[in-house]
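Reading through the structure tokens given below for one structure.
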Amino acid sequence: MAGRGVLFALAEGERARLLGCGGDGEVMALVEEVEEAWDEAWVCEVDKAWDALHRCLTDGRLEYGNGEFPLSHVILGGRAMYEGEDYVVRYVEPGEVRAVAGALGRVDEGWVRRRYAELEFEEYQGVRGEEDLAYTVCFLPDLREFYRRAAEEGRAVVFTVDQ
């Protein structure tokens, strides 16, 4: 999975529609609609740093559901809404978003740097080093703020990445 990752905080209507989708086609149509609207207040781009961020926030592996909640839900955690060869959509409930926001509030650049240094990144598509680490941590402030605001508004979050 080497695509660009984006998180969207869903309004209640979008959340209800997503949960009511009857199949992959409906899920992807709704995701496309949310992406096209691109409501800046409720979007957090993590570009290709999502991979290293997920690894640092979990156990170093790029897998679904690995690591401990709530940090395991920041990127690839939560419920699978779509998992195809071309795209991934993961969903985090509003209550889980609150827990994620609280946990991320305690994660700072130093913490991510220590995790990056101590964890093994098997099958990592990036090039580990200071440049990759600096790129990864530059997304942390926006990610923390995004989850904080989503939690305050009681929004669900979806993570999307094209592969």
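The values are calculated or read from the model by the stated rules, or taken from the named source; none is laboratory data. All values derive from a computational prediction rather than experimental measurement. Cβ placement follows ideal geometry from the backbone for every residue including glycine, while neighbour counts extend to all protein chains displayed. Just the protein is used for accessible areas: all its heavy atoms, side chains included, with ligands, DNA and RNA removed. Shrake-Rupley method; radii C 1.70, N 1.55, O 1.52, S 1.80 Å.
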Query raised in the report: Rounded to the nearest 10 Å², what accessible area does Val127 show when all protein chains are kept and the probe is 1.4 Å?
Result: 120 Å²
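Based on the Cβ-Cβ distance of Glu26 and Tyr135, what FRET efficiency does E = 1/(1 + (r/R0)^6) give at R0 = 25 Å, to the nearest 0.05?
After rounding, the FRET efficiency stands at 0.10.
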Query raised in the report: In nanometres, what is the gap between the two model label sites at Phe69 and Arg128, each 7 Å from Cα along Cα-to-Cβ?
Result: 3.0 nm
Query raised in the report: Any idea how far apart Val43 and Glu109 come out in nm if each label point goes 7 Å out from Cα toward Cβ?
Result: 2.6 nm
**Report entry** Percentage of interatomic Cα-Cα distances in the stretch 51-108 larger than 14 Å
**Finding:** 52 percent
Report task. Whenever you get a sec, compute what percent of the accessible area on the chain sits on carbon and sulfur atoms (1.4 Å probe). Result -> 46 percent
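Mean shadow of the stretch 61-163, computed from the convex hull of its alpha carbons, in nm²?
6.5 nm²
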Query - Surface accessible to a 1.4 Å probe, per residue, for the residues of the chain, Å² - result: 48 Å²
